[in-house]
Amino acid sequence: MKLPTLSNGARTKTSERPVKVYAAPGVPSERLLPPATIWTRIKANMGMAQITLINLTVFFLLWEYTAYLEVFPSIFFPGPSDIAREYVDMISDGSLIRHASYTFRNIAIGFTIAAILGVTIGLAAGTMRWLNTILSPYYWSLNAMPNLAILPLIILWFGFGAESKIILIVLNATLPILINTLAGVSTVDQSLIRVARSLNASRVQRFWKIVIPYTLPFILTGFKLGLSSALTAAVISEMLGSSRGLGYVI
């Protein structure tokens, strides 16, 4: 069997394939592709969905086998099949729907309040330096403090009802939205502001036509971070002091 020959006369192994490339004069017009590895062959023959499916299947099988061996007590390390049976039972008797609706109602109320407060204060403090100077010690202090650590105080003040959960959600979700909104206002191109002033645009027009469009991507990022913080606050507050909700179920 004759081996393939490159333009410079070199011979290669049959596992390597020469390919045509664009090259300068005097440079070989063919390059060698490295032999395909097992991983590249798998990726070529399978999509990412299939790889993810196999990956998760292997993970759950190992989890189930470890639970079957009882390496840890079953009460602390149940298998996926035990969790699935409990999940089906909770759906059948309606308890999962009741607890989930309680949690998501608190999240919806708390996140709505946090979004209004975060965006309003962020835009106001970003456009008025004197207001940012007054408020910055407070929101940076709250941001540095783990808000979940004050949950016992919130429960003492507002009890074990939904009010304490909503307040904790507001505290956790407002700060990411506020800080991201402030960052968005600080990125506004000042040359556009000067051009708008030269065209006699009012303060309201500059705000709606320039500041808001520049800040909107940051606000949406703040919403994403705030929603994650709201969910964490809701579940943990229900775990520590509630008789309802997903945190209580966990």
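What follows draws every value from the coordinates through simple rules; no lab data is involved. Being a predicted model, the structure only gives us computed values, none of them experimental. Here the Cβ positions follow ideal geometry from the backbone for every residue, glycine too, while neighbour counts run over all protein chains shown.
How many percent of Cα pairs in the range 184-229 exceed 12 Å?
When all Cα pairs of the range 184-229 are counted, 62 percent exceed 12 Å.
What does the convex hull of the alpha-carbon atoms of the range 106-248 project to on average, in nm²?
8.8 nm²
Give me the one-decimal nm value for the distance between modelled label points at ILE97 and PHE158, 7 Å along each residue's Cα-to-Cβ direction.
2.9 nm
What list of ³J(HN,Hα) values in whole Hz, one per residue of the range 183-195 in order, does the Karplus curve 6.51 cos²θ - 1.76 cosθ + 1.60 (θ = phi - 60°) give from phi, with Gly and Pro shown as x?
5, x, 5, 5, 8, 4, 5, 5, 5, 5, 5, 5, 5
Extension gain LEU62-VAL204, at 0.36 nm per residue separation less the Cα-Cα distance, in nm?
Full extension from LEU62 to VAL204 adds 45.1 nm.
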